[in-house]
Amino acid sequence: MTVRLHNRNEAGQVLASKLTTYTDRSDALILALPRGGVPVAFEIATKLHLPLDVCLVRKLGVPGHKELAMGAIASGDIMAINRDVVDWLNIPQQVIERVATKEKEELARRDRVYRGNRPFPKIRDRSIILVDDGIATGATLRAAIITLQQQQPKEIVVAVPIAPPSVYQSLTAEVDRVICLLQPEPLNSISLWYESFSQTTDKEVCDLLARANSGVQEFRSSVVQ
C-alpha cells in the first residue's frame, strides 16, 4: 500500500514528534520556506514552543516548465544553480539571469508582505530547523542553506516530509541533520504524496506566523510567572 500524508498539518505534527529534543530551547529557531513550508513549520513551532519565521527563497523555473528547477535565489544575492538541469537542457546564462531578475522582484514583494519592518532574526550560534513541505531537486533548499551558513549558526537541521533518496543522501553531507518522513523513488511530484495539497496563500502565511509567535510569547510568559 502506498503511504501518503493527509495534509501539511499532519506532516508537521509527525515531524515535530521527531524533534522533541529542541522543545523550549532558547537557542532554537524554526525557519520555513514559504509558502507551502509554513503550515508544516507552524505545527512544529506550536508543538515545540519555538519561534517561527520565514527564509525567503525563490525557485528558478525552466521557461515553459516552471515546476522544473534550474536553480534558486535567496536574500543576499545568493544563487544556487542546478547544474544537472542546466547542462541537460543547455540553458544559456542570459535565460537564467532573466528568470532570476523576475524572481528577485517576487522575493522583495514577499519580504514586504511577510516581514514588513520586522528584521530577520539572529542566526549566529543558534540551532536552525529549516522546514519545507517537500523537496524535488533540492535547489531551493540549498539556496536557503547557503544563506544560513553565511550567518554561522550552531547547527542546521533540515526537516521535510518528502524527498527523493538521492537528494536526502546529498543533504546529509551538507547540514548537521536531515529528518525526512518519506523517500519515494520515483518521486514524480510532491503533491502525489499528499491527500490534500491546496495552495497556501499569502494571508495564510501571515496568519500562521502571527499565531505561532504569539503562542510562543504567551507560553514563555506563563512559564516565567
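At-a-glance table
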item: Counted charge near residue 127, where neighbours are those whose Cβ lies closer than 13 Å (Asp, Glu -1; Lys, Arg +1); result: +1
item: Residues 137, 200, 21, sorted so that the one with the fewest Cβ neighbours within 10 Å comes first; result: 21, 200, 137
item: In sequence order, calculated HN-Hα J values of the range 70-83 (Karplus, 6.51, -1.76, 1.60; Hz; x Gly/Pro); result: 9, x, 7, 10, 9, 4, x, 6, 7, 9, 10, 9, 8, 4
item: The range 114-219 shape via C-alpha gyration tensor axes, a/c threshold 1.5; result: oblate
item: For the range 57-100, projected area of the alpha-carbon convex hull averaged over all directions, nm²; result: 2.8 nm²
item: At 1.567 mPa s and 4 °C, Stokes diffusion of the range 1-100 via Kirkwood alpha-carbon radius, µm² per second; result: 82 µm²/s
item: Loop trypsin sites (Lys or Arg not before Pro), the range 54-87, which have at most 14 other Cβ atoms in a 10 Å radius of their Cβ (DSSP); result: none
item: Residue 112 paired with residue 7, simple spin-label distance in nm, labels 7 Å along Cα-to-beta-carbon; result: 3.1 nm
item: Percentage, to the nearest whole number, of Cα pairs in the range 125-179 over 17 Å apart; result: 26 percent
item: Rg in Å to one decimal, and Dmax rounded to a whole Å, for the chain via C-alpha atoms; result: 17.1, 62
item: DSSP bridge pairs, the chain: antiparallel proportion in percent, nearest 5; result: 35 percent
item: Label point distance in nm, residue 104-residue 170, each placed 7 Å from Cα along Cα→Cβ; result: 2.5 nm
item: About the Cα centre, charge dipole magnitude for the range 1-72 (Lys/Arg +1, Asp/Glu -1 at Cβ), debye; result: 260 debye
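Every read-out reported here was derived from the displayed coordinates using simple, explicitly stated rules and does not represent laboratory data. All figures in this text were calculated on a predicted structure; none of them were measured in a lab. Positions of Cβ are backbone-derived with ideal geometry, glycine not excepted, and every protein chain shown enters the neighbour counts.
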